[in-house]
Each structure stands twice: as C-alpha cells, then as structure tokens.
Amino acid sequence: MNIRENIPISTLTTMRLGGNARYVIELKNPTDVPTAFSFIFTKNLPFYILGSGSNVIGRDEGFPGIILINNLKGIEIISQTDKSLILKGYGGENFDDFIAYGVNLGYSGMEALSAIPGTLGAAPIQNVGAYGQEMSQVLTNVEAYDSRTGRISTIATPQMHLGYRRSIFNHGVNAGKYFIVSVTVKLTKTHLTPPFYTSLQSYVDTNHVTDFSPKSIRKMVVAIRAAKLPDPAAAASAGSFFKNVYLNSAEAKKATAKGIPVWDGGKVPSGWLIEHAGLKGKEFFGFKVSDKAALILINEHAKTYADLEKARSAIQKAVFDKFGLNLEQEPVEISL
Ligand SMILES: Cc1cc2nc3c(=O)[nH]c(=O)nc-3n(C[C@H](O)[C@H](O)[C@H](O)COP(=O)(O)OP(=O)(O)OC[C@H]3O[C@@H](n4cnc5c(N)ncnc54)[C@H](O)[C@@H]3O)c2cc1C
C-alpha cells in the first residue's frame with residue numbers, strides 16, 4: 001500500500017481537471033482494503049474511491065480527504081463447461097483485459113463492451129454498457145467492503161438494482177459506501193445474432209461480415225470505437241459527457257412530432273441532440289465537442305473546473321433552446 005500526499009486530481013482522471021487531494025492511497029492487495037480504511041478512520045477524513053478516473057471529474061477546490069485507487073489485480077476461472085464460463089476478476093484489473101480473457105476462451109456476453117476504458121471494479125457502478133450489451137446481463141455478484149461495517153460481503157446482482165448508468169453503488173443510501181474488491185460474471189457460448197446496435201450493424205453491412213463469434217464482434221467494436229472515440233491517453237475526456245435523455249410516452253410523442261429520434265424505451269440519443277443543435281466540432285472555454293462523436297467533450301486546453309461549468313451550461317442551453325430537452329452530465333464529480 002502506497003500513501004502519497006497533496007496529489008493533483010487532474011493527474012488521476014482522464015478529463016485532467018481538479019485541484020489537490022489531501023491523501024492518495026493505492027491499494028494493490030485485498031489485505032490493503034481494511035488497512036486503508038483504518039487509516040481513513042484514524043485521520044477521520046472523507047474518502048473517495050477511484051479506478052482509472054475515466055468517468056470522474058475533479059473540481060478546482062480539490063478534495064480535502066483520502067482518495068483510494070483500486071489497483072487489485074488478478075483473474076480466475078471459477079467454473080468452465082462447454083456451455084458457460086464463470087469468471088472472477090479483482091477490481092483493479094483493466095476492464096478490457098478481463099473481456100479479452102473471456103473472449104479468447106470463446107465465451108460471449110461482454111464482447112460488445114470491448115475497449116471501454118477503466119477498471120473492472122468500476123463497471124458495476126454505472127452498469128457500463130455499449131452496442132447493446134451491459135454489465136447487468138452477465139454480472140452474477142461482487143465482493144465488496146462495506147465502509148460502515150468494515151466487512152466484506154457478497155452482493156448478488158438483483159440486490160444491486162442496476163439500471164441505465166445506475167446502481168445502489170452510485171444512488172441512494174449506499175452510494176459511495178462500498179469498495180468493490182472483485183467482480184464475477186457468467187459468460188456463455190451463445191453468440192450474438194443480428195440485428196445489432198445501429199453502428200455495429202452498419203459496420204457488419206459495409207464490411208459484409210458473417211462471423212459473429214465473440215472474437216469477431218470484439219474486433220469490430222474495437223475498430224468502430226478507435227475510429228470515433230478519443231483514446232484517453234491521447235485526448236483528455238471522460239467519454240460520453242451527457243446521459244441519453246429518457247422520455248415518457250406523452251413526451252416521446254411530442255418529440256417525434258418535432259422530428260427528434262426516439263428509440264425503444266423512450267431513449268433520445270443525446271449525441272443526436274448536440275449534433276443537430278449545430279455544436280459538433282465547436283469549442284467552448286477550452287473544451288471541444290468532438291467532431292467524430294458529438295457526445296464526447298474533449299478538454300483541449302482548459303485548466304479549470306470553472307471553465308467546464310461554463311462549457312456545460314453553453315451546450316445545455318443550446319440544446320434546450322433548440323429542442324426543449326435538458327441534458328444531464330454523465331461523469332460524476334469528486335466532492336464532499
Ligand atoms: C473515451 C471513453 C469512452 C467511454 N465509453 C463508455 C461506454 O461506451 N460505456 C460506458 O458505460 N462508459 C464509458 N465510458 C466511461 C468509463 O469508461 C466507465 O464508466 C468505466 O467503468 C470507468 O472506470 P474507471 O475505472 O475509470 O472508474 P472511475 O472513473 O475511476 O470511477 C467511476 C465511478 O466508480 C466508482 N468506483 C470506481 N472503482 C470503484 C470500486 N472498486 N469500488 C467502488 N466504487 C468504485 C467511483 O467512485 C466513481 O463513482 C467511457 C469513458 C471514456 C474516457
């Protein structure tokens with residue numbers, strides 16, 4: 001376990017913003033978890049858990065508490081048959097390496113989630129999803145340290161109340177209270193079949209792909225993402241900056257009449273709203289709306305959270321003025 005002091009949050013997060021954290025502790029071993037929480041208890045300071053910081057934004061005032069970085073590694077096969085694979089990984093494992101492990105053994109369930117940045121332990125927090133798959137479809141349980149009781153327990157998927165970008169880990173009384181130590185998923189040999197999610201389907205059509213094995217889907221998803229999404233190592237962003245908008249049936253009717261696309265379940269793609277408000281490629285206070293994917297906000301040269309607030313408001317206002325719909329920020333913020 002490694003404890004550092006006065007570390008800029010901008011160096012721990014992919015949007016590269018945020019003042020200093022009082023302490024940063026990197027956890028490398030499951031036994032570091034209770035030790036780190038004893039330190040928190042002794043110092044009597046607030047704490048915040050980070051994986052690779054790809055969905056988190058630091059504020060200018062920093063964080064006067066303790067940031068825990070989950071770097072617990074390891075992948076283990078719990079059971080394997082010709083039908084299914086139960087795979088467990090520690091929370092600090094790279095999410096994409098974990099996916100590759102299952103795909104390379106020929107199992108399906110996470111291949112469409114390939115190349116999502118971040119750690120495995122963060123994936124259940126907002127129930128990560130892409131191209132028609134999401135964690136809720138494969139997750140069986142997590143082992144989590146409850147900061148209130150000091151105990152590690154197994155939490156089964158139905159208890160997590162997973163929804164669109166939400167779970168008990170980021171909403172309600174349990175939000176921020178559990179440290180996810182390990183994640184277990186169940187993958188199967190059943191392959192995905194067409195029709196696929198729009199952009200995946202158009203890749204299949206354009207490239208006349210007929211192999212829908214997990215390896216092939218993973219290869220396509222990696223190629224699609226590489227063509228339109230910034231690599232966090234090369235460009236500062238937190239991925240999709242706004243959540244998609246969900247409408248009830250009356251709102252959906254009105255939106256459809258205005259020519260706004262409303263997908264199954266009342267989902268309006270926020271990227272479409274931003275693009276059709278004419279913002280694609282535009283710069284706001286040092287941030288640029290990506291010219292490849294309008295939902296991505298890239299930090300080109302902004303240094304402060306105050307600039308982000310101004311950029312966010314300008315985009316939200318432009319979309320509201322044009323479509324009467326409110327955009328909500330997706331990445332969470334480190335705050336007291
Ligand atoms: C270019 C880009 C593309 C992206 N594409 C997608 C996408 O397609 N779909 C998608 O869903 N997301 C996407 N994201 C968002 C991000 O990759 C995911 O949210 C990912 O799960 C974050 O992992 P992380 O390790 O960086 O978590 P962090 O950003 O460090 O943390 C995210 C949240 O999880 C909590 N947390 C992290 N680890 C733990 C733990 N061990 N225990 C308890 N709480 C924890 C944090 O407190 C925070 O609330 C994208 C991001 C980028 C930069």
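Scanning the stretch 132-161 for residues that are in contact with a helix residue (DSSP H, G or I) (Cβ under 9 Å, 6 or more places away or on another chain) and within 8 Å of the ligand (Cβ to nearest atom) gives a single hit, Glu134. Just give me the residues in the stretch 25-42 being closer than 18 Å to Ile180 by Cβ, among the β-branched types (Val, Ile, Thr) and not in a loop (DSSP other than H, G, I, E, B), in sequence order. Scanning the stretch 25-42 gives Ile25, Val33, Thr35, Ile40. Check the stretch 18-41 and report whether any residue there is aromatic (Phe, Trp, Tyr) and open to solvent by 50 Å² or more (accessible area, probe 1.4 Å). Looking for residues that are aromatic (Phe, Trp, Tyr) and open to solvent by 50 Å² or more (accessible area, probe 1.4 Å), one finds at least one in the stretch 18-41, hence yes. Only one of the numbered conditions (1) more than 16 Å from the ligand (Cβ to nearest atom); (2) of a type in the set (Val, Ile, Thr); (3) not in a helix (DSSP H, G or I) is not met by Ile298, and that is (1). Being more than 16 Å from the ligand (Cβ to nearest atom), surrounded by 13 or more Cβ atoms within 10 Å (Cβ to Cβ) and not assigned by TED's automatic domain parsing to the domain that holds Met15 narrows it down to one of Asp321, Asp307, Asp291, so name that one. None of the other options fit; the residue is Asp307. Within the stretch 190-209, residues that are over 10 Å from Gly132 (Cα atoms) have Cβ atoms under 7 Å from residues that are loosely packed, with under 12 Cβ neighbours inside 10 Å in these pairs: Gln201/Pro194; Gln201/Pro195; Val204/Pro194, counting only partners at least 6 apart in sequence or on another chain. Any residue at all in the stretch 93-110 that is near the ligand (Cβ under 8 Å from one of its atoms) and touching a residue at least 60 places away in the same chain (Cβ under 8 Å)? No: the stretch 93-110 contains no residue that is near the ligand (Cβ under 8 Å from one of its atoms) and touching a residue at least 60 places away in the same chain (Cβ under 8 Å).
Across the stretch 41-59, which residue is farthest from the chain's Cα centre (by Cα) among those that are within 10 Å of the ligand (Cβ to nearest atom) and within 21 Å of Ile3 (Cα to Cα)? The extreme case among them is Phe47. Looking across the stretch 198-215, the residues that are hydroxyl-bearing (Ser, Thr, Tyr) and assigned to a helix (DSSP H, G or I) come down to Thr198, Ser199, Ser202, Tyr203, Thr206. Looking across the stretch 162-197 at every residue that is among the polar types (S, T, N, Q), more than 12 Å from the ligand (Cβ to nearest atom) and outside any loop (DSSP other than H, G, I, E, B), the one that is nearest to Gly91 (Cα to Cα) is identified as Thr184. Does Val173 satisfy the condition of being under 24 Å from Ile75 (Cβ atoms) and either β-branched (Val, Ile, Thr) or open to solvent by 40 Å² or more (accessible area, probe 1.4 Å) (or both)? Spelling it out, it is not the case that Val173 is under 24 Å from Ile75 (Cβ atoms) and either β-branched (Val, Ile, Thr) or open to solvent by 40 Å² or more (accessible area, probe 1.4 Å) (or both). Find the residue count for the stretch 116-131, including only residues that are more than 8 Å from the ligand (Cβ to nearest atom) and among the small types (Gly, Ala, Ser). Qualifying residue count, the stretch 116-131: 0. For the stretch 246-271, filtered to residues that are closer than 17 Å to Gln316 by Cβ and within 16 Å of the ligand (Cβ to nearest atom), the residue that is surrounded by the most Cβ atoms within 10 Å (Cβ to Cβ) is Ser270. Taking the stretch 72-86 as the range and being aliphatic (A, V, I, L, M) and either in contact (Cβ under 8 Å) with a residue 40 or more places away in the chain or exposed (fewer than 12 other Cβ atoms within 10 Å of the Cβ) (or both) as the test, the residues that pass are Leu72, Ile78, Leu85, Ile86.
Quick grid of which residues meet (1) in a strand (DSSP E or B); (2) without any contact (Cβ under 8 Å) to a residue 60 or more places away in the chain; (3) more than 30 Å from Ile66 (Cβ to Cβ); (4) of a type in the set (Ser, Thr, Tyr):
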{"residue": "Asp231", "(1), (2), (3), (4)": "no, yes, no, no"}
{"residue": "Ser237", "(1), (2), (3), (4)": "yes, no, no, yes"}
{"residue": "Ala252", "(1), (2), (3), (4)": "no, yes, yes, no"}
{"residue": "Gly271", "(1), (2), (3), (4)": "no, yes, yes, no"}
{"residue": "Lys292", "(1), (2), (3), (4)": "no, no, yes, no"}
{"residue": "Ala306", "(1), (2), (3), (4)": "no, no, no, no"}
{"residue": "Ser313", "(1), (2), (3), (4)": "no, yes, yes, yes"}
{"residue": "Lys322", "(1), (2), (3), (4)": "no, yes, yes, no"}
{"residue": "Leu325", "(1), (2), (3), (4)": "no, no, yes, no"}
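Confirm whether Ile9 is open to solvent by 40 Å² or more (accessible area, probe 1.4 Å), modelled with pLDDT of 95 or more, within 12 Å of the ligand (Cβ to nearest atom) and outside the structural domain of Val142 (by TED's automatic domain parsing). Against the criterion (open to solvent by 40 Å² or more (accessible area, probe 1.4 Å), modelled with pLDDT of 95 or more, within 12 Å of the ligand (Cβ to nearest atom) and outside the structural domain of Val142 (by TED's automatic domain parsing)), Ile9 does not qualify.
The values are calculated or read from the model by the stated rules, or taken from the named source; none is laboratory data. This structure is a prediction, so every number in the text was calculated from the model and none was measured. Here the Cβ is made from the backbone with ideal geometry for all residues, glycine too, and neighbour counts use every protein chain on show. Calculation scope for accessible area: heavy atoms of the full protein, side chains included, ligands and nucleic acids excluded. Shrake-Rupley method; radii C 1.70, N 1.55, O 1.52, S 1.80 Å.
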